[in-house]
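One structure is given here, and the rest of the page talks about it.
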Ligand code: 13P
(Lines give C-alpha, C1' and ligand atoms only; values in the text may rest on other atoms or scores of the structure.)
Protein backbone atom coordinates (compact mmCIF):
# COMPACT_ATOMS: atom_id res chain seq x y z
CA UNK A 1 0.00 0.00 0.00
CA UNK A 2 1.68 3.17 -1.29
CA UNK A 3 0.13 5.99 0.72
CA UNK A 4 2.42 8.58 -0.84
CA UNK A 5 1.16 7.68 -4.29
CA UNK A 6 -2.47 7.78 -3.11
CA UNK A 7 -1.89 11.20 -1.52
CA UNK A 8 -0.50 12.50 -4.82
CA UNK A 9 -3.31 10.92 -6.86
CA UNK A 10 -6.08 12.29 -4.64
CA UNK A 11 -4.55 15.77 -4.59
CA UNK A 12 -4.22 15.82 -8.39
CA UNK A 13 -7.80 14.59 -8.88
CA UNK A 14 -9.21 17.64 -7.10
CA UNK A 15 -6.58 20.21 -8.10
CA UNK A 16 -7.95 23.79 -8.26
CA UNK A 17 -10.25 24.30 -11.26
CA UNK A 18 -10.12 20.66 -12.29
CA UNK A 19 -12.59 17.81 -12.05
CA UNK A 20 -13.31 14.37 -13.43
CA UNK A 21 -14.94 13.17 -16.61
CA UNK A 22 -17.07 10.10 -15.95
CA UNK A 23 -16.83 8.07 -19.16
CA UNK A 24 -17.45 4.73 -17.49
CA UNK A 25 -20.89 3.95 -18.87
CA UNK A 26 -21.37 0.19 -19.11
CA UNK A 27 -22.16 -1.10 -22.59
CA UNK A 28 -25.86 -1.21 -21.61
CA UNK A 29 -25.92 2.44 -20.49
CA UNK A 30 -23.86 3.40 -23.54
CA UNK A 31 -26.50 1.77 -25.76
CA UNK A 32 -29.20 3.94 -24.17
CA UNK A 33 -27.15 7.08 -24.80
CA UNK A 34 -26.28 6.05 -28.37
CA UNK A 35 -29.91 5.08 -29.12
CA UNK A 36 -30.93 8.66 -28.31
CA UNK A 37 -28.80 9.92 -31.21
CA UNK A 38 -29.39 6.88 -33.45
CA UNK A 39 -25.82 5.57 -33.30
CA UNK A 40 -25.32 1.83 -33.29
CA UNK A 41 -23.69 0.69 -30.03
CA UNK A 42 -20.81 -1.34 -31.47
CA UNK A 43 -17.44 -1.76 -29.80
CA UNK A 44 -15.84 0.37 -32.53
CA UNK A 45 -18.38 3.19 -32.13
CA UNK A 46 -17.85 3.19 -28.37
CA UNK A 47 -14.10 3.35 -28.98
CA UNK A 48 -14.38 6.15 -31.55
CA UNK A 49 -16.63 8.18 -29.24
CA UNK A 50 -14.30 7.81 -26.27
CA UNK A 51 -11.37 8.76 -28.50
CA UNK A 52 -13.22 11.94 -29.44
CA UNK A 53 -13.57 12.84 -25.75
CA UNK A 54 -10.05 11.91 -24.66
CA UNK A 55 -8.27 13.64 -27.55
CA UNK A 56 -10.11 16.93 -27.11
CA UNK A 57 -7.40 19.62 -27.30
CA UNK A 58 -6.85 21.31 -23.93
CA UNK A 59 -8.71 18.63 -21.97
CA UNK A 60 -6.15 18.57 -19.17
CA UNK A 61 -6.70 22.30 -18.48
CA UNK A 62 -10.03 21.37 -16.89
CA UNK A 63 -10.09 17.60 -16.43
CA UNK A 64 -7.72 15.92 -13.97
CA UNK A 65 -8.90 12.36 -14.49
CA UNK A 66 -11.24 10.14 -16.49
CA UNK A 67 -13.26 7.24 -15.12
CA UNK A 68 -13.12 4.40 -17.63
CA UNK A 69 -15.09 1.20 -18.11
CA UNK A 70 -13.18 -2.12 -18.28
CA UNK A 71 -13.62 -2.34 -22.06
CA UNK A 72 -12.34 1.22 -22.56
CA UNK A 73 -9.22 0.66 -20.45
CA UNK A 74 -8.34 -2.10 -22.92
CA UNK A 75 -8.98 0.00 -26.04
CA UNK A 76 -6.62 2.16 -28.07
CA UNK A 77 -6.64 5.35 -30.12
CA UNK A 78 -6.81 4.85 -33.88
CA UNK A 79 -3.02 5.32 -33.86
CA UNK A 80 -2.65 2.31 -31.58
CA UNK A 81 -1.90 4.00 -28.24
CA UNK A 82 -3.72 2.48 -25.26
CA UNK A 83 -6.22 4.97 -23.81
CA UNK A 84 -4.66 4.82 -20.34
CA UNK A 85 -1.21 5.55 -21.77
CA UNK A 86 -2.61 8.34 -23.95
CA UNK A 87 -4.34 10.01 -21.02
CA UNK A 88 -1.31 9.76 -18.74
CA UNK A 89 0.95 11.25 -21.42
CA UNK A 90 -1.47 14.12 -21.75
CA UNK A 91 -1.64 14.92 -18.06
CA UNK A 92 -4.91 13.13 -17.25
CA UNK A 93 -5.13 10.33 -14.68
CA UNK A 94 -6.95 7.16 -15.76
CA UNK A 95 -9.45 5.68 -13.30
CA UNK A 96 -11.70 2.62 -13.49
CA UNK A 97 -15.27 1.77 -12.55
CA UNK A 98 -15.15 -1.55 -10.71
CA UNK A 99 -18.64 -2.24 -9.37
CA UNK A 100 -20.63 -4.86 -11.21
CA UNK A 101 -23.76 -2.75 -11.37
CA UNK A 102 -26.74 -2.20 -9.08
CA UNK A 103 -28.86 -5.38 -8.79
CA UNK A 104 -32.32 -5.98 -7.32
CA UNK A 105 -31.96 -6.47 -3.59
CA UNK A 106 -33.43 -9.71 -2.23
CA UNK A 107 -36.65 -9.22 -0.21
CA UNK A 108 -36.51 -5.49 -0.96
CA UNK A 109 -38.58 -4.77 -4.06
CA UNK A 110 -37.71 -1.42 -5.59
CA UNK A 111 -34.25 -1.31 -4.00
CA UNK A 112 -30.80 -2.09 -5.37
CA UNK A 113 -27.51 -3.29 -4.02
CA UNK A 114 -24.27 -2.98 -5.99
CA UNK A 115 -22.32 -6.17 -6.56
CA UNK A 116 -18.78 -6.95 -7.68
CA UNK A 117 -16.65 -7.70 -4.60
CA UNK A 118 -15.87 -11.28 -5.64
CA UNK A 119 -12.48 -11.38 -7.33
CA UNK A 120 -12.02 -7.64 -6.90
CA UNK A 121 -8.58 -7.88 -5.27
CA UNK A 122 -7.21 -9.58 -8.40
CA UNK A 123 -8.93 -7.18 -10.76
CA UNK A 124 -7.53 -4.18 -8.89
CA UNK A 125 -3.99 -5.54 -9.20
CA UNK A 126 -4.48 -5.87 -12.94
CA UNK A 127 -6.00 -2.38 -13.24
CA UNK A 128 -3.08 -0.87 -11.34
CA UNK A 129 -0.64 -2.54 -13.73
CA UNK A 130 -2.67 -1.14 -16.62
CA UNK A 131 -2.24 2.40 -15.25
CA UNK A 132 -5.44 3.02 -13.26
CA UNK A 133 -4.69 5.14 -10.18
CA UNK A 134 -8.23 5.59 -8.86
CA UNK A 135 -11.45 3.59 -8.95
CA UNK A 136 -15.18 4.13 -8.61
CA UNK A 137 -18.00 2.11 -7.05
CA UNK A 138 -21.55 3.38 -7.39
CA UNK A 139 -24.38 2.48 -5.04
CA UNK A 140 -27.95 3.50 -5.77
CA UNK A 141 -30.37 4.74 -3.13
CA UNK A 142 -34.00 5.21 -4.15
CA UNK A 143 -36.38 7.53 -2.30
CA UNK A 144 -40.01 6.46 -2.36
CA UNK A 145 -42.41 3.96 -0.83
CA UNK A 146 -42.70 0.18 -1.02
CA UNK A 147 -45.97 -1.68 -1.75
CA UNK A 148 -46.89 -1.63 1.97
CA UNK A 149 -46.44 2.12 2.16
CA UNK A 150 -43.14 1.97 4.07
CA UNK A 151 -40.68 4.73 3.33
CA UNK A 152 -37.71 3.88 1.13
CA UNK A 153 -34.78 3.65 1.38
CA UNK A 154 -34.86 0.90 3.97
CA UNK A 155 -32.11 0.74 6.57
CA UNK A 156 -31.11 -2.63 5.07
CA UNK A 157 -30.49 -1.07 1.66
CA UNK A 158 -28.47 1.86 2.98
CA UNK A 159 -26.45 -0.40 5.26
CA UNK A 160 -25.78 -3.14 2.66
CA UNK A 161 -24.56 -0.57 0.15
CA UNK A 162 -22.40 1.28 2.69
CA UNK A 163 -20.86 -2.02 3.77
CA UNK A 164 -20.03 -2.95 0.17
CA UNK A 165 -18.56 0.50 -0.44
CA UNK A 166 -16.32 0.14 2.62
CA UNK A 167 -15.08 -3.31 1.58
CA UNK A 168 -14.39 -2.02 -1.93
CA UNK A 169 -12.55 1.05 -0.56
CA UNK A 170 -10.35 -1.12 1.66
CA UNK A 171 -9.41 -3.36 -1.28
CA UNK A 172 -8.57 -0.32 -3.42
CA UNK A 173 -6.26 1.14 -0.80
CA UNK A 174 -4.47 -2.19 -0.40
CA UNK A 175 -3.75 -1.93 -4.15
CA UNK A 176 -2.60 1.74 -3.87
CA UNK A 177 -5.65 2.86 -5.83
CA UNK A 178 -7.68 5.84 -4.53
CA UNK A 179 -11.31 4.77 -4.07
CA UNK A 180 -14.13 7.07 -5.12
CA UNK A 181 -17.13 6.12 -3.01
CA UNK A 182 -20.39 7.03 -4.73
CA UNK A 183 -23.68 6.58 -2.87
CA UNK A 184 -26.06 8.13 -5.39
CA UNK A 185 -29.39 9.23 -3.95
CA UNK A 186 -31.56 9.25 -7.07
CA UNK A 187 -33.49 12.35 -8.03
CA UNK A 188 -36.25 10.23 -9.61
CA UNK A 189 -39.59 10.46 -7.84
CA UNK A 190 -41.98 13.04 -6.46
CA UNK A 191 -40.32 13.50 -3.07
CA UNK A 192 -39.57 16.92 -1.62
CA UNK A 193 -36.10 18.39 -1.27
CA UNK A 194 -36.51 18.03 2.50
CA UNK A 195 -36.84 14.24 2.06
CA UNK A 196 -33.77 14.22 -0.17
CA UNK A 197 -31.83 16.12 2.47
CA UNK A 198 -32.88 13.72 5.21
CA UNK A 199 -32.09 10.54 3.24
CA UNK A 200 -28.80 11.96 1.92
CA UNK A 201 -27.68 12.74 5.45
CA UNK A 202 -28.52 9.24 6.71
CA UNK A 203 -26.83 7.63 3.72
CA UNK A 204 -23.61 9.60 4.14
CA UNK A 205 -23.52 9.15 7.91
CA UNK A 206 -23.88 5.38 7.44
CA UNK A 207 -21.21 5.32 4.76
CA UNK A 208 -18.59 7.13 6.85
CA UNK A 209 -19.40 4.99 9.84
CA UNK A 210 -18.71 1.86 7.75
CA UNK A 211 -15.52 3.31 6.25
CA UNK A 212 -14.27 3.93 9.78
CA UNK A 213 -15.12 0.41 10.96
CA UNK A 214 -13.28 -1.03 7.97
CA UNK A 215 -10.14 1.02 8.79
CA UNK A 216 -10.25 2.80 5.46
CA UNK A 217 -7.84 5.75 5.41
CA UNK A 218 -10.13 8.76 5.06
CA UNK A 219 -7.17 10.84 3.84
CA UNK A 220 -7.16 8.66 0.71
CA UNK A 221 -10.84 8.50 -0.25
CA UNK A 222 -12.80 10.78 -2.57
CA UNK A 223 -16.55 11.10 -2.04
CA UNK A 224 -18.72 11.29 -5.13
CA UNK A 225 -21.96 12.78 -3.89
CA UNK A 226 -25.35 13.52 -5.34
CA UNK A 227 -26.63 17.02 -4.70
CA UNK A 228 -29.63 17.64 -2.46
CA UNK A 229 -32.35 18.46 -4.99
CA UNK A 230 -36.14 18.20 -5.31
CA UNK A 231 -37.48 14.92 -6.70
CA UNK A 232 -37.85 15.21 -10.47
CA UNK A 233 -41.66 15.02 -10.29
CA UNK A 234 -42.08 17.19 -7.21
CA UNK A 235 -44.20 20.31 -7.81
CA UNK A 236 -41.73 22.54 -5.95
CA UNK A 237 -38.38 22.60 -7.70
CA UNK A 238 -35.82 24.22 -5.41
CA UNK A 239 -33.70 27.02 -6.84
CA UNK A 240 -29.94 27.11 -7.24
CA UNK A 241 -29.17 28.78 -3.91
CA UNK A 242 -31.36 26.38 -1.92
CA UNK A 243 -29.79 23.31 -3.55
CA UNK A 244 -26.31 24.66 -2.81
CA UNK A 245 -27.15 25.49 0.82
CA UNK A 246 -28.83 22.16 1.60
CA UNK A 247 -26.10 20.15 -0.11
CA UNK A 248 -23.32 21.91 1.77
CA UNK A 249 -25.22 21.58 5.04
CA UNK A 250 -25.53 17.81 4.63
CA UNK A 251 -21.90 17.41 3.62
CA UNK A 252 -20.68 19.46 6.59
CA UNK A 253 -22.78 17.32 8.94
CA UNK A 254 -21.50 14.00 7.69
CA UNK A 255 -18.21 14.14 5.76
CA UNK A 256 -14.98 14.17 7.78
CA UNK A 257 -12.68 17.12 7.09
CA UNK A 258 -9.87 14.58 6.57
CA UNK A 259 -11.19 13.75 3.10
CA UNK A 260 -9.04 15.19 0.27
CA UNK A 261 -12.06 16.15 -1.81
CA UNK A 262 -15.69 15.83 -2.78
CA UNK A 263 -16.83 15.48 -6.38
CA UNK A 264 -20.41 15.52 -7.63
CA UNK A 265 -22.39 13.50 -10.12
CA UNK A 266 -24.95 15.30 -12.29
CA UNK A 267 -27.65 12.66 -11.91
CA UNK A 268 -29.97 13.88 -14.66
CA UNK A 269 -29.83 17.61 -13.87
CA UNK A 270 -29.68 19.92 -16.89
CA UNK A 271 -26.15 20.81 -17.98
CA UNK A 272 -26.54 24.37 -16.81
CA UNK A 273 -28.05 23.47 -13.43
CA UNK A 274 -25.21 21.05 -12.70
CA UNK A 275 -22.77 23.88 -13.38
CA UNK A 276 -24.77 26.55 -11.52
CA UNK A 277 -25.16 24.38 -8.40
CA UNK A 278 -21.44 23.61 -8.22
CA UNK A 279 -20.62 27.27 -8.75
CA UNK A 280 -23.03 28.39 -6.00
CA UNK A 281 -21.48 26.00 -3.49
CA UNK A 282 -17.99 27.23 -4.27
CA UNK A 283 -19.12 30.86 -4.02
CA UNK A 284 -20.57 30.14 -0.57
CA UNK A 285 -17.18 28.85 0.53
CA UNK A 286 -16.35 27.53 3.99
CA UNK A 287 -16.14 23.86 3.02
CA UNK A 288 -13.08 22.00 4.34
CA UNK A 289 -12.65 20.10 1.05
CA UNK A 290 -12.31 21.11 -2.60
CA UNK A 291 -15.69 20.68 -4.31
CA UNK A 292 -15.62 19.78 -7.98
CA UNK A 293 -17.36 17.82 -10.73
CA UNK A 294 -17.34 14.21 -11.83
CA UNK A 295 -20.07 14.44 -14.43
CA UNK A 296 -21.03 12.08 -17.18
CA UNK A 297 -24.25 13.39 -18.72
CA UNK A 298 -23.74 17.07 -17.84
CA UNK A 299 -20.35 17.03 -19.60
CA UNK A 300 -21.08 14.66 -22.45
CA UNK A 301 -24.67 15.26 -23.58
CA UNK A 302 -23.84 18.17 -25.85
CA UNK A 303 -20.82 16.37 -27.33
CA UNK A 304 -22.83 13.23 -28.09
CA UNK A 305 -25.64 15.26 -29.64
CA UNK A 306 -23.18 17.10 -31.86
CA UNK A 307 -21.22 13.99 -32.86
CA UNK A 308 -24.11 11.66 -33.80
CA UNK A 309 -21.65 9.06 -35.04
CA UNK A 310 -20.18 11.14 -37.85
CA UNK A 311 -16.44 11.65 -38.29
CA UNK A 312 -17.20 15.05 -39.84
CA UNK A 313 -18.66 16.20 -36.51
CA UNK A 314 -15.68 15.29 -34.34
CA UNK A 315 -14.25 18.85 -34.29
CA UNK A 316 -17.52 20.61 -33.37
CA UNK A 317 -18.32 17.88 -30.79
CA UNK A 318 -14.91 18.39 -29.18
CA UNK A 319 -15.48 22.17 -29.07
CA UNK A 320 -18.87 21.66 -27.38
CA UNK A 321 -17.34 19.27 -24.85
CA UNK A 322 -14.43 21.65 -24.24
CA UNK A 323 -16.89 24.45 -23.49
CA UNK A 324 -18.79 22.39 -20.89
CA UNK A 325 -15.53 21.32 -19.26
CA UNK A 326 -14.42 24.97 -19.18
CA UNK A 327 -17.73 26.11 -17.61
CA UNK A 328 -17.47 23.44 -14.92
CA UNK A 329 -13.85 24.32 -14.28
CA UNK A 330 -14.97 27.90 -13.58
CA UNK A 331 -17.76 26.55 -11.34
CA UNK A 332 -15.20 24.53 -9.38
CA UNK A 333 -13.57 27.89 -8.56
CA UNK A 334 -16.85 29.77 -7.99
CA UNK A 335 -16.14 31.89 -11.07
CA UNK A 336 -18.85 30.77 -13.51
CA UNK A 337 -21.31 33.30 -14.96
CA UNK A 338 -24.54 32.58 -16.80
CA UNK A 339 -23.58 35.13 -19.49
CA UNK A 340 -20.67 32.90 -20.52
CA UNK A 341 -23.21 30.26 -21.58
CA UNK A 342 -25.14 32.75 -23.72
CA UNK A 343 -21.99 33.88 -25.48
CA UNK A 344 -21.22 30.31 -26.52
CA UNK A 345 -24.76 29.55 -27.73
P1 LIG B 1 -23.98 11.54 -14.25
O2 LIG B 1 -23.16 12.80 -14.10
O3 LIG B 1 -24.58 11.38 -15.61
O4 LIG B 1 -24.97 11.37 -13.13
O5 LIG B 1 -22.98 10.34 -14.13
C6 LIG B 1 -22.02 10.34 -13.14
C7 LIG B 1 -21.69 8.97 -12.80
O8 LIG B 1 -20.56 8.58 -12.91
C9 LIG B 1 -22.75 8.10 -12.28
O10 LIG B 1 -22.16 6.96 -11.72
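The values are calculated or read from the model by the stated rules, or taken from the named source; none is laboratory data. These numbers come from a predicted model, not from an experiment. Cβ placement follows ideal geometry from the backbone for every residue including glycine, while neighbour counts extend to all protein chains displayed.
The figures follow:
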item: Members of the range 296-319 found to be buried (at least 19 other Cβ atoms within 10 Å of the Cβ) and more than 16 Å from the ligand (Cβ to nearest atom), listed by number; result: 306, 307, 317, 318
item: Any hit, the range 47-64, residues being within 13 Å of the ligand (Cβ to nearest atom), within 18 Å of residue 322 (Cα to Cα) and at pLDDT 95 or above; result: no
item: Any chance residue 331 is within 15 Å of the ligand (Cβ to nearest atom), over 27 Å from residue 209 (Cα atoms), in contact (Cβ under 8 Å) with a residue 12 or more places away in the chain and out of contact with any strand residue (DSSP E or B) (no Cβ under 6 Å at 6 or more places or on another chain); result: yes
item: Filtered residue count, the range 206-239, keeping only those that are crowded, with 16+ Cβ neighbours inside 10 Å and in a helix (DSSP H, G or I); result: 7
item: Test: residue in the range 12-27 that is surrounded by fewer than 16 Cβ atoms within 10 Å (Cβ to Cβ), out of contact with any strand residue (DSSP E or B) (no Cβ under 9 Å at 6 or more places or on another chain) and over 30 Å from residue 289 (Cα atoms); result: yes
item: Candidates 261, 267 - the one that is buried (at least 17 other Cβ atoms within 10 Å of the Cβ), under 26 Å from residue 216 (Cβ atoms) and within 14 Å of the ligand (Cβ to nearest atom); result: 267
item: For residue 91: the one exception among (1) under 15 Å from residue 131 (Cβ atoms); (2) surrounded by 16 or more Cβ atoms within 10 Å (Cβ to Cβ); result: (2)
item: Residue in the range 72-88 that is under 30 Å from residue 228 (Cβ atoms), touching a residue at least 40 places away in the same chain (Cβ under 8 Å) and surrounded by fewer than 18 Cβ atoms within 10 Å (Cβ to Cβ) present; result: no
item: Qualifying residue in the range 159-174 (condition: closer than 28 Å to residue 217 by Cα, touching a strand residue (DSSP E or B) at 6+ places or on another chain (Cβ under 8 Å) and outside any helix (DSSP H, G or I)); result: no
